[in-house]
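Everything below concerns the one structure shown next.
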Amino acid sequence: MKVACLVLVLCIVVAHIAEADRFAFIIYTLTPCYPFLIGSISVATPHCCEAVKEVDDDAKDYDDRLETCDCLRDMALSFKKDFNVENGAALFALCGIQTPYQISRDINCTKIKGVEVVADVGSRNIVTTI
């Protein structure tokens with residue numbers, strides 16, 4: 001069954017040609033998290049949390065974050081009945097990553113916002129959103 005889930009996830013990658021590189025990266029990178037995401041273990045491993053951080057770090061701008069969100073939603077959809085909804089929704093937070101991402105079938109990716117960056121130039125703060 002786990003192999004079938006992985007095959008299904010890989011099929012989604014092929015179906016999304018425009019986002020294939022990001023999808024492949026995310027699916028491959030989060031492989032250590034699959035036991036947690038399907039509920040066969042109850043704690044996210046350190047290796048899984050390293051993978052989660054890598055996925056979060058890779059989304060450098062607004063478009064990357066939207067694509068990442070879409071990929072995570074599609075990943076959750078691909079699991080069908082083996083997916084542990086609570087574990088998917090909590091994974092990033094459990095790994096100490098403050099992000100709007102969840103591996104959830106119901107996440108609304110249009111609510112992903114840019115990141116405010118504050119730079120102190122002399123005595124002035126410059127705030128921009130990326």
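Computed from the coordinates by the stated procedures, all read-outs in this text should not be read as laboratory data. The shown structure was predicted, so the numbers you read here are calculated from the model rather than taken from an experiment.
Some points to look at:
- Segment Cys109-Asp56, length gained on full extension (0.36 nm per residue, minus Cα span): 17.6 nm
- Segment Ala93-Lys81, length gained on full extension (0.36 nm per residue, minus Cα span): 2.0 nm
- Extension gain, Thr31-Leu66: 0.36 nm per intervening residue step, less the Cα-Cα distance, totals 10.5 nm.
- Note, ³J(HN,Hα) from phi for the range 96-105, Karplus 6.51, -1.76, 1.60, rounded to Hz, x at Gly and Pro: x, 9, 8, 7, x, 5, 9, 8, 9, 6
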